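The values are calculated or read from the model by the stated rules, or taken from the named source; none is laboratory data. This is a predicted model, so every value here is computed, not measured. Neighbour counts run over all protein chains shown; Cβ positions are idealised from the backbone, glycine included.
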Amino acid sequence: MSRKVDSVKDINDSKETWRLAVRIMDVWSVVNNKGIEHLEMIVMDSLGDRIQVLIRHDHLLKWKEVIKENMTCIINNGSVYNNDFQWKVCDHSKKIVFLGGTTMKAIELQNIPPKGYFFKDFGEILQGKCKTDRLEDIIGAVSEINHIQSNTPGKKVVVSVVLKDLKLPTNEQKEKPTQSAKSLSNWSGGSQYSPVERFVHNAKCMSLSQFCKIKHETLYVTVATTLKFVVSKYGWFYYGCTRCSSKAPNPEKAYECSCGQKVEQSIPRYKIEIYVSNGESKYRFVFWDSECAAILGMTAEFMHNSMVENGEDDPMVYPDELEILLNKKMAFRVKVQPTFSQASVWKLCDDEAFVKEIENDYIV
């Protein structure tokens, strides 16, 4: 088990678990008028497609000394937004922003050229066939320099230049470098109740739009569709007791769990955060070990060990098999935790008839 590499041209805002094999073509620092610094860079994959990347000031210390121009690497995880940079350096409509859960591993990738220029012809610029907010690659010579000094203190010097076209041969100008399963946890209620009645017992049923306004912790039942993973710095699993789901204080040391179990070695257990949606409403749900294992048909320990055997030791890499959890309409019994803007999934079911009955008969 591993995660396939994505193409830069396919990047969109449908997920955060992107895995890119790229070369860092350029990296630069930006300081705003308040003195706050962030990093921007341009990365390119083996197909020659490029995208602009932003590293916020709160992640600057982690990455400033790690990122080097012209290095090749594997980047995992990142938020995707519309490319709203004031000055764009490529045509991609999206940009990537590093998360707390973003990882990067330097690796030699011979299939990505060291440089990739996309030269703009002077004739096209003069004809207006260019974007005014994009930085273009051109080949020319400075034939005249004009200095225009602002009289306002603190303002930068404005320099205008006249360029002479040094056109390359035409063939060199723009060449690109070369399973689904049903899950319903057991309920200890009496047999006189139907599965749906046991599912909603002692819980309030409401739509997700109402659900998002809850201000106190309690049990709720709702219907929603899983949308995309929320990538956190903790990844998709944690190390826990071999008997219960308690988190291990240190996975490498023996300890006595609160359940009374003497634990010599902890095991990986699922803990996956997923955005769910219904209409325009969206909320963050936390899926735990037993529910994930029921849908995926395998334990977190098995999935983790399989990844390690295939040479993937980065705990922040979300294996492709986890995507079975996405795009599924389900009924959820959850405990809402408004302090953390999340809900903890206690039970779930993706049986179509079951979901429809709850949606039609219980949710107003």
Completion exercise
Considering residues that are more than 26 Å from Gly100 (Cα to Cα) and in a helix (DSSP H, G or I), the number found within region 310-364 is 10
Practice task
Within region 323-341, identify whether any single residue is farther than 30 Å from Val200 by Cβ and assigned by TED's automatic domain parsing to the domain that holds Tyr239, and answer yes or no.
Solution key: no
Handout entry: Subset of region 206-225 [among the hydroxyl-bearing types (Ser, Thr, Tyr), outside any loop (DSSP other than H, G, I, E, B) and closer than 18 Å to Ser344 by Cβ]
Key = Tyr220, Thr222
Exercise for the section: Would you point out the residue of region 226-254, among those that are part of a strand (DSSP E or B) and surrounded by 15 or more Cβ atoms within 10 Å (Cβ to Cβ), that is farthest from the chain's Cα centre (by Cα)? Expected result: Gly240
Exercise for the section: Would you mind telling me which numbered condition in (1) exposed (fewer than 15 other Cβ atoms within 10 Å of the Cβ); (2) modelled with pLDDT under 95 Asp289 fails? Expected result: (1)
Completion exercise
Listed by range, strands (runs of 3 or more DSSP E) wholly within region 1-96 having at least 1 residues that are in contact with a Cys (Cβ under 8 Å, 6 or more places away or on another chain) and either assigned by TED's automatic domain parsing to the domain that holds Pro315 or under 21 Å from Leu109 (Cα atoms) (or both) are 19-31, 37-44, 50-55
Exercise for the section: Taking only region 255-269 into account, find how many residues are in a loop (DSSP other than H, G, I, E, B), under 32 Å from the mean Cα position of the chain (by Cα) and crowded, with 18+ Cβ neighbours inside 10 Å. Expected result: 1
Exercise for the section: Of all residues in region 16-58, count the ones that are farther than 20 Å from Lys94 by Cα and under 18 Å from the mean Cα position of the chain (by Cα). Expected result: 1
Exercise for the section: Go over the candidates Val336, Val345 one by one and state the one that is buried (at least 20 other Cβ atoms within 10 Å of the Cβ) and more than 28 Å from Thr242 (Cβ to Cβ). Expected result: Val336
